[in-house]
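Throughout, read-outs are computed from the coordinates displayed, never taken from laboratory work. Keep in mind that what you see is a predicted model, and the values were worked out from it rather than measured. Heads up, the Cβs are rebuilt from the backbone with ideal geometry, glycines too, and the neighbour counts pull from every protein chain shown.
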Amino acid sequence: MNSYTALIVDDEEHSRKLLSGYLTKYCPNIEVRETVDTVERALECICLKQPQLVFLDISLMDMNAFDLLEKIGNIQFEIVFITAYDNYAIRAIKYSAVDYLLKPISIEELILAVEKACNRIDEKSTAYHYRYLSRNLLNLHELPRIALPTLQGYLFIKTDSIIRCAAAGSYTHFFFTDREPILISKGLKEYDALLQGDTFLRVHNSHLINLTHVKEYHKGKVAYVVMSDGVSVAISVRKKDVFLKRIEHLKA
């Protein structure tokens, strides 16, 4: 049996340890050379270790998977994406990647993904069009569901139930229509990129709102909206025109 070198890139420590353990137990032909949590460390390890296979989380602490791929340019390794998102996002990933692993990771799916990756390595397949994948994924209008990391695992939430998100340092508060608010250990920037589309807009450095849950708009020197949960959210001056255009678009 041929052996293959691998790198794991994921900003969640428990996810890195879990995947590394699974590979050791269920995919003994995979030698994990390193596990890292940032794009910077990933770039360094890819240059030094030259892995044949990279398990790559889409949403990272400092950037995202596509930022990393853009920096590398000429991709010489196979990639298995790791993601907490399904449906349209997963469909887009499947068109261009070797495979994907949806968190929480399934052992059966991991084994199949590794087999496909190893086959491609053996066949010396040419690099895939990740730049096009990046554009296609970022142009998706809405993610039907989002998986939010919790201490117990992941909470799968329909995006239309999200009223608003508020920054809390390096964390994000999520507010919903059908459950109590929760605090997630990732910054608002992460979710601004993942939820961008027709219905979500970052109206302030500290606030990302679902436009379908806007009940009132108050203009003035400091414009603000009243959301469906009764909370007022300020709109920054530079976002005011964008907000008004998007609201008119929704009404149309």
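Rank-order 99-106, 240-247 by packing density, defined as the average count of other C-beta atoms within 10 Å over each peptide's residues, highest first.
Numbers: 99-106: 17.6, 240-247: 14.2.
Descending packing order for the listed peptides: 99-106, 240-247.
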Along principal axes, Cα extents of segment 1-56, largest first, whole Å: 32, 24, 12
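Taking R0 as 30 Å, what's the FRET efficiency between Thr212 and Phe156 from their Cβ-Cβ distance, rounded to 0.05?
Details: r = 20 Å, r/R0 = 0.66.
For R0 = 30 Å, the calculated efficiency reads 0.95.
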Interchain or long-range residues, amide H under 5 Å from Phe176's placed H: Ile163
Over 25 Å (Cα to Cα) - which of Lys17/Lys103; Lys189/Lys240; Lys186/Lys245 fall in this group: Lys186/Lys245
Cut-off under 5 Å, modelled amide H: who pairs with Ala168 long-range: His173, Leu188
Reach of Lys116 by Cα under 17 Å, taken over aspartates and glutamates that are not fewer than 8 positions away in the same chain: Glu31, Glu78, Asp99, Glu108
Cα→Cβ-extended label distance, 7 Å offset, between Glu70 and Thr24, nm: 3.6
Long-range HN-HN contacts of Asp229 with modeled amide H, under 5 Å: none
Label-point separation, Lys116 to Tyr171 (7 Å along Cα→Cβ), nm: 3.7
